[in-house]
């Protein structure tokens, strides 16, 4: 169970990381959204979940790993916590699962057009 303190830490880290990703000039990171952060209770490690609208998600993860030192430096500068967590990056499987479900539904109903109101 995640404590209210950890929820706040996760939220703050997500905001800082998302802001810093917007400032980066790496073209591989243009279509990346930070969907969540899961920080360990000891604050030593945080997994950052991202959604990438890219053809090659491995390339996006590689770019994020290359940007890790800058992102950690900014967290250390902007956030007052005991330790600056080491960042790890992973694709958000929830977003991928949702996209897969949508694809299956479209395949089941190929004649129906998508509409905003149902």
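Side notes on the structure shown:
- Note on the chain: GNM, Cα springs under 10 Å; of 81, 101, 17, the largest mean-square fluctuation is that of 101.
- When the chain is treated as a GNM with alpha-carbon contacts under 10 Å, the residue of 61, 53, 105 showing the greatest mean-square fluctuation is 105.
- Helical mean residue ellipticity (222 nm; -39500 (n - 2.57) per DSSP H run of 4+; nearest 500) of the chain: -17000 deg cm²/dmol
- Separation in nanometres of the label points that stand 7 Å from Cα toward Cβ, at residue 96 and residue 43: 3.2
- Kirkwood Rh in Å, taken over all unlike Cα pairs in region 1-65: 12.6
- Each of 55, 88, 99 was scored by other Cβ atoms within 10 Å of its Cβ. Arranged with the fewest first, they read 55, 99, 88.
- Ordered by the count of other Cβ atoms within 10 Å of each Cβ, fewest first, 84, 3 give 3, 84.
- Region 4-108 - Kirkwood radius from inverse mean 1/r over Cα pairs (Å): 14.5
- Rounded to 10°, Cα long-axis angle of helix 57-78 versus longest principal axis of the chain: 40
- Gain on full stretching of the segment that runs from residue 106 to residue 30 - 0.36 nm per residue minus C-alpha separation: 24.6 nm
- Of 51, 38, 26, the one that fluctuates the most in a GNM where the chain has Cα springs shorter than 10 Å: 26
- The angle between the Cα long axis of helix 93-108 and the main principal axis of the chain comes to about 0°, on a 0 to 90 degree scale.
Here, each number is a calculation from the coordinates, and none is a lab measurement. All values reported here derive from a predicted model rather than from experimental measurement. All Cβ positions, even for glycine, are placed from backbone atoms using ideal geometry, and neighbour counts span all protein chains on display.
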